[in-house]
Amino acid sequence: MNSTQIKSPIMHKGRLEAFSDGVIAIIITKMVLELKVPNATDVNSLISLNPFFAAMF
């Protein structure tokens with residue numbers, strides 16, 4: 001058998017990058033959809049959301 005006819009089972013770097021980009025995009029979309037709009041318009045209502053934002057990053 002000719003060595004040029006044997007296909008390598010190794011995955012190319014580009015395919016792995018595309019897969020990881022897709023996974024990250026899904027995770028970020030899920031995080032954005034879970035954002036809650038505060039009821040009040042003052043700064044204190046945003047401070048109460050700090051644990052949620054800290055968990056994202």
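The values are calculated or read from the model by the stated rules, or taken from the named source; none is laboratory data. Since the model is a prediction, treat every value here as computed from it, not as a measurement. All Cβ positions, glycine included, derive from the backbone under ideal geometry; neighbour counts span all protein chains shown.
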Filtered residues of the range 1-42 (kept if touching a helix residue (DSSP H, G or I) at 6+ places or on another chain (Cβ under 7 Å) and either over 22 Å from A55 (Cβ atoms) or modelled with pLDDT of 75 or more (or both)): M31, N39
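Among the residues of the range 27-46, count how many are surrounded by 10 or more Cβ atoms within 10 Å (Cβ to Cβ) and not small (G, A, S).
Here the count works out to 7.
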